[in-house]
Amino acid sequence: MRIPIVAGNWKMNKTVGEAVALAKELTERLPADPGAEVVVCPPFTALYSVGQILVGTTVLLGAQNLFWEEHGAFTGEVSPLMLQDLGVRYVIVGHSERRTILRETDEDVARKLMAAFKARLSPILCVGESLSEREAGQEEAVVARQLTAALAPLSAAAVAQLVIAYEPIWAIGTGHSAAPQDAATMAAVIRSEVAARFGNAVAEKVRVQYGGSVNAQNAASFLHQDGIDGALVGGASLKAVDFAAIVQAARR
Ligand code: PGA
């Protein structure tokens, strides 16, 4: 059985003081056994301080990005070993904001996945189509292309540990989430793409999240779909009360 995973992507929000306060409030609001894996992904600048708050709690530390080299002349980048050193357990890879605004390619994403696994960080791989791609009926082809590129260099053992977030770009930060049934359809597409390359046993282990305007009100409608094993939450993860309610909705 797959353990649900709910991750909060704080994006470029929160000073250190604000991040610490949010993490404290979240740990106070969550029950001792939240019934799901709970991850928060603060900005790099707050990782250390939030990590200190999370020690001895059930909430795991995540990062929003990483670079694929371990060290060297890469001004402004953060290495997998630096994240590992801070107690980071999960790392978001290939978020659509990085793919579109920062011009990350499918090949970059593949390198980052490899680097994450090498440093024993668990990647949350983001895939998803744009509005024009959906309107053209290309959503399955786009996600298949993203998965083909990302998964090509990985071993079956690595893929089995992967979390894949289906995040249609048009649903991110817009307040217009996907229809839960459509999200479930895309989760099934993702799992069958994994099965085609790595076999059914691996595909059954991969956890698939939905992300895109998930909030405390609509979370259950996604989390109760067959084949959706969690949520990647942006805006609603910035309020402890809302994020705790989403975690609660993930309980099986
Ligand atoms: P959102 O962001 O919940 O604010 O739509 C989701 C994400 O980008 O991961």
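The values are calculated or read from the model by the stated rules, or taken from the named source; none is laboratory data. What you see is a predicted model, and the numbers here were worked out from it, not measured in a lab. Backbone-built Cβ (ideal geometry, glycine too); neighbour counts: all protein chains shown.
Determine whether ALA196 is hydrophobic (A, V, I, L, M, F, W, C) and free of Cβ contacts under 8 Å to residues at least 40 places away in the same chain. Yes; evaluated as a whole, the condition is true for this residue. Do we find a residue being part of a helix (DSSP H, G or I), more than 16 Å from the ligand (Cβ to nearest atom) and either within 15 Å of the chain's Cα centre (by Cα) or over 29 Å from VAL88 (Cβ atoms) (or both) anywhere in segment 119-132? Yes: one or more hits.
Name the single residue that is nearest to GLU129 (Cα to Cα) among those in segment 165-187 being among the small types (Gly, Ala, Ser) and assigned to a loop (DSSP other than H, G, I, E, B). Quick ask: steps written out before the conclusion?
From segment 165-187, those among the small types (Gly, Ala, Ser) are 165, 171, 173, 175, 177-179, 183-184, 187; that's our starting set.
Those left that are additionally assigned to a loop (DSSP other than H, G, I, E, B): 173, 175, 177-179.
Details: GLY173: 15, GLY175: 17, SER177: 13, ALA178: 12, ALA179: 15 Å.
Of everything passing the filter in segment 165-187, ALA178 is nearest to GLU129 (Cα to Cα).
Pairing residues of segment 154-180 that are over 15 Å from ARG99 (Cβ atoms) with residues that are of a type in the set (S, T, N, Q) and away from the ligand (no atom under 11 Å from the Cβ), at Cβ distances under 6 Å and at least 6 apart in sequence or on separate chains, gives PRO180/SER221; PRO180/GLN225.
Just the residues that are of a type in the set (A, V, I, L, M, F, W, C), within 12 Å of the ligand (Cβ to nearest atom) and more than 18 Å from GLN181 (Cβ to Cβ), please, taken from segment 196-252.
First, the residues of segment 196-252 that are of a type in the set (A, V, I, L, M, F, W, C): 196, 198, 201-203, 206, 208, 214, 216, 219-220, 222-223, 228, 231-233, 236, 238, 240-241, 243-247, 249-250.
From what is left, the residues that are within 12 Å of the ligand (Cβ to nearest atom) are 214, 216, 219, 222, 231-233, 236, 238, 243, 246.
Residues satisfying the conditions are ALA216, LEU232, VAL233, ALA236, LEU238, PHE243, ILE246.
Considering only segment 111-127, I want to know if a residue exists there that is more than 26 Å from LYS11 (Cα to Cα) and either at pLDDT below 95 or of a type outside the set (Val, Ile, Thr) (or both). Scanning segment 111-127 turns up no residue that is more than 26 Å from LYS11 (Cα to Cα) and either at pLDDT below 95 or of a type outside the set (Val, Ile, Thr) (or both). With respect to the stated conditions, ALA188 is modelled with pLDDT of 95 or more and surrounded by fewer than 23 Cβ atoms within 10 Å (Cβ to Cβ). Counting the residues of segment 133-156 that are over 20 Å from SER192 (Cβ atoms) and assigned to a helix (DSSP H, G or I) gives 1. With respect to the conditions (1) touching a residue at least 24 places away in the same chain (Cβ under 8 Å); (2) more than 16 Å from the ligand (Cβ to nearest atom); (3) touching a helix residue (DSSP H, G or I) at 6+ places or on another chain (Cβ under 9 Å), GLY17 lacks only one, and its number is (1).
Do we have any residue at all in segment 23-40 that's part of a loop (DSSP other than H, G, I, E, B) and crowded, with 22+ Cβ neighbours inside 10 Å?
Yes, there is a match, as at least one residue in segment 23-40 is part of a loop (DSSP other than H, G, I, E, B) and crowded, with 22+ Cβ neighbours inside 10 Å.
Scoring HIS71 on the criteria (1) more than 14 Å from LEU238 (Cβ to Cβ); (2) in contact (Cβ under 8 Å) with a residue 12 or more places away in the chain; (3) in contact with a helix residue (DSSP H, G or I) (Cβ under 8 Å, 6 or more places away or on another chain) leaves a single failure, condition (2).
The condition (being more than 16 Å from the ligand (Cβ to nearest atom), of a type in the set (S, T, N, Q) and within 22 Å of GLY8 (Cα to Cα)) is satisfied by just one residue among GLN84, GLN138: GLN84.
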